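Engineer: Below is a structure I'd like to ask you about.
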Amino acid sequence: MTKISLVVSDVDGTLLTKDKTLTERARTAVQRLHQAGIGFTITSSRPAIGMRFLIEPLALWLPVGPFNGSSIVDPEMKPVEQHLIPAGAAERALKILREFGADIWLFTYDKWLIDRPDGKYVAHEQHTIRSEPTIVTDFSPYLGSACKIVGASADAAGLEACEKAMQEALGAEATAVRSQTYYLDITPPGFNKGTFVQAMAKRLGISTDAVATIGDMQNDLAMFRVSGTSIAMGNATDSVKDQATHVTATNEQDGFAEAMEMILKWNGAG
């Protein structure tokens, strides 16, 4: 087996527990990766502002990948690469989300814009990304600067149908994939967690065969496909587990730390 030189981790449902905390065992596991000379970074559907709180406790020195890896940001939160959804595709995405009755959130590089402050998942997202939304009555002025658009809905089956309709309508103009059963993310075309993994491997001068990825949702499959080792969380769906090379425990059972400890043993550093 190829020794692991880099680990790229999802955040929610993977690195963090259900209540969005980083356990001491998880933090220690990342510290041990650093000590063993194994690179570590994170990629997430979160905006950059929602990843900031993890930089210091994890001692991250590599860039991170917000917006499902469609942007790359250094540990000081300065953009390395930034990509936007084409304005026409953004406008079409909003129309489809409205047709399916989903709440609409639009993220620019540094702002979270909403038009329904009483939306079901607004408070949850505030807690998650540790940031306040900006309330607008019209998204039109921001369509040319959208890093990500989210459709939020408690109707999981309806959102799954919306995902398929969105993919058909947008084609190659944007990427549409669920990051949670209740969130549908629309991001710039041609960039995802897989391209982020490839960019980090290139940055380190290593093969993607030497990269291990870990996640729990559909949007993590893009990085599973390009990495030599992929680990699905125990809380992932069977469809995600089926596409991983390994499965660990759930995020409530320190499955992330368990997986990192497994990687350290593979590398002879356990």
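The values are calculated or read from the model by the stated rules, or taken from the named source; none is laboratory data. These numbers come from a predicted model, not from an experiment. Because the Cβ atoms are built from the backbone with ideal geometry, glycine has one as well, and the counts that use them run over all protein chains shown.
Engineer: Which condition from (1) surrounded by fewer than 23 Cβ atoms within 10 Å (Cβ to Cβ); (2) more than 21 Å from residue 147 (Cα to Cα); (3) touching a residue at least 40 places away in the same chain (Cβ under 8 Å) is the one that residue 224 breaks?
Structural biologist: For residue 224, the exception is condition (3).
Engineer: Something else now. If we keep just the residues of segment 53-65 that are in contact (Cβ under 8 Å) with a residue 60 or more places away in the chain and within 23 Å of residue 113 (Cα to Cα), which is surrounded by the most Cβ atoms within 10 Å (Cβ to Cβ)?
Structural biologist: Kept after step one, since they are in contact (Cβ under 8 Å) with a residue 60 or more places away in the chain, are these residues of segment 53-65: 53, 62-63, 65.
This time we only want the ones that are within 23 Å of residue 113 (Cα to Cα), so: 53, 65.
On the way: 53: 13, 65: 31.
Going through the qualifying residues, I end up with 65.
Engineer: Collect the residues in segment 92-114 that are surrounded by fewer than 16 Cβ atoms within 10 Å (Cβ to Cβ) and either in a helix (DSSP H, G or I) or at pLDDT 95 or above (or both), keeping them in residue-number order.
Structural biologist: The answer is 95, 98, 99, 101.
Engineer: Taking residue 180 as meeting all but one of (1) modelled with pLDDT of 95 or more; (2) buried (at least 19 other Cβ atoms within 10 Å of the Cβ), write down the number of the exception.
Structural biologist: Checking residue 180 against (1) modelled with pLDDT of 95 or more; (2) buried (at least 19 other Cβ atoms within 10 Å of the Cβ), the one that fails is (1).
Engineer: Within segment 50-67, is even one residue in contact with a helix residue (DSSP H, G or I) (Cβ under 7 Å, 6 or more places away or on another chain) and β-branched (Val, Ile, Thr)?
Structural biologist: Within segment 50-67 (the criterion being in contact with a helix residue (DSSP H, G or I) (Cβ under 7 Å, 6 or more places away or on another chain) and β-branched (Val, Ile, Thr)), the answer is no, since none of the residues qualifies.
Engineer: Considering only residues that are surrounded by fewer than 17 Cβ atoms within 10 Å (Cβ to Cβ) and free of Cβ contacts under 8 Å to residues at least 60 places away in the same chain, which ones fall in segment 124-145?
Structural biologist: Within segment 124-145, 124, 126, 132, 134, 135, 136, 137, 138, 140, 141 meet the criteria.
Engineer: What is the residue count in segment 108-148 for residues that are among the polar types (S, T, N, Q) and in contact with a Cys (Cβ under 9 Å, 6 or more places away or on another chain)?
Structural biologist: The initial filter retains those residues of segment 108-148 that are among the polar types (S, T, N, Q), namely 108, 126, 128, 131, 134, 137, 140, 145.
Adding the requirement that they be in contact with a Cys (Cβ under 9 Å, 6 or more places away or on another chain) leaves 108.
Count: 1.
Engineer: Got a sec? Which of 154, 123 is assigned to a helix (DSSP H, G or I) and either touching a Lys or Arg at 6+ places or on another chain (Cβ under 9 Å) or under 15 Å from residue 183 (Cα atoms) (or both)?
Structural biologist: 123
Engineer: Residues of segment 146-156 being farther than 16 Å from residue 166 by Cβ and either surrounded by fewer than 18 Cβ atoms within 10 Å (Cβ to Cβ) or modelled with pLDDT under 95 (or both), which ones?
Structural biologist: 154 - this is the single residue of segment 146-156 that is farther than 16 Å from residue 166 by Cβ and either surrounded by fewer than 18 Cβ atoms within 10 Å (Cβ to Cβ) or modelled with pLDDT under 95 (or both).
Engineer: Moving to a separate point now. Looking for whichever is within 17 Å of the chain's Cα centre (by Cα), free of Cβ contacts under 8 Å to residues at least 12 places away in the same chain and either assigned to a helix (DSSP H, G or I) or surrounded by fewer than 18 Cβ atoms within 10 Å (Cβ to Cβ) (or both) here; the options are 14, 21. Which one fits? Lay out the reasoning, then the answer.
Structural biologist: Numbers: 14 fails: free of Cβ contacts under 8 Å to residues at least 12 places away in the same chain.
Exactly one of 14, 21 is within 17 Å of the chain's Cα centre (by Cα), free of Cβ contacts under 8 Å to residues at least 12 places away in the same chain and either assigned to a helix (DSSP H, G or I) or surrounded by fewer than 18 Cβ atoms within 10 Å (Cβ to Cβ) (or both), namely 21.
Engineer: Out of the residues in segment 233-264 that are over 16 Å from residue 25 (Cα atoms) and β-branched (Val, Ile, Thr), state the one that is surrounded by the most Cβ atoms within 10 Å (Cβ to Cβ).
Structural biologist: 240
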